[in-house]
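The values are calculated or read from the model by the stated rules, or taken from the named source; none is laboratory data. Keep in mind it's a predicted model, so treat the numbers as computed, not measured. Neighbour counts are summed over all protein chains in view; Cβ atoms, including those assigned to glycine, are modelled from backbone coordinates with ideal geometry.
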Amino acid sequence: MSVATYFLVLLGVCAVLATPALAYAKRRGNLSLADCALPVAPVSSLLLALETMNPSAHVGFAFVVYPIACATLSVIVLYVRVFALGRKAAPRSLSLWILLTTCLTAFVLGAMLPPWYE
């Protein structure tokens, strides 16, 4: 499976899992562009870091396991933002900070995590 195919499959799974939270946020009027990008952007930054800055990750299971873990965590963060933190005073700025933090964390971890061989 190529990197592009794997990336598209992960994006599809993230979109399906995030649909209920995004629909709830839209119904309440708290939906922002950062919320829509939250399931996708951290996985993209992790795959970019694994591809460009961590060549040893191509050997083991890191290229398979780490993006799935990142996708799962980013969808969980979206659900926490929408359902638990949705009543904050400024949900749009909070969504932007959550998006920036998760993308930066995913990129740094993707660049620094060692490969997983077994």
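Tell me which of these GLY60 doesn't satisfy, since it passes every other one: (1) part of a helix (DSSP H, G or I); (2) surrounded by fewer than 16 Cβ atoms within 10 Å (Cβ to Cβ).
It fails just one condition, (1).
For THR72, indicate whether it is assigned to a helix (DSSP H, G or I), surrounded by 13 or more Cβ atoms within 10 Å (Cβ to Cβ), free of Cβ contacts under 8 Å to residues at least 12 places away in the same chain and of a type in the set (Ser, Thr, Tyr).
Values: assigned to a helix (DSSP H, G or I): yes; surrounded by 13 or more Cβ atoms within 10 Å (Cβ to Cβ): yes; free of Cβ contacts under 8 Å to residues at least 12 places away in the same chain: yes; of a type in the set (Ser, Thr, Tyr): yes.
The answer is yes for THR72.
Quick check on SER95: is it part of a helix (DSSP H, G or I), of a type in the set (Ser, Thr, Tyr), in contact (Cβ under 8 Å) with a residue 24 or more places away in the chain and touching a Ser or Thr at 6+ places or on another chain (Cβ under 7 Å)?
yes
If you take the residues in the stretch 1-18 that are more than 14 Å from GLU51 (Cα to Cα) and either of a type in the set (Asp, Glu) or surrounded by fewer than 16 Cβ atoms within 10 Å (Cβ to Cβ) (or both), which one is modelled with the highest pLDDT? First the steps, then the outcome.
Going through the stretch 1-18, the residues more than 14 Å from GLU51 (Cα to Cα) turn out to be 1, 5, 8-18.
Applying the additional criterion that residues be either of a type in the set (Asp, Glu) or surrounded by fewer than 16 Cβ atoms within 10 Å (Cβ to Cβ) (or both) yields 1, 5, 8-9, 11-12, 15-16.
On the way: MET1: 60, THR5: 81, LEU8: 83, VAL9: 85, LEU11: 83, GLY12: 86, ALA15: 85, VAL16: 89.
Ranking the candidates gives VAL16 first.
Within the stretch 35-45, identify whether any single residue is part of a helix (DSSP H, G or I) and touching a Gly at 6+ places or on another chain (Cβ under 9 Å), and answer yes or no.
Going through the stretch 35-45, the residues part of a helix (DSSP H, G or I) turn out to be 35-37, 41-45.
Filter again for touching a Gly at 6+ places or on another chain (Cβ under 9 Å), leaving 45.
Within the stretch 35-45, one or more residues are part of a helix (DSSP H, G or I) and touching a Gly at 6+ places or on another chain (Cβ under 9 Å).
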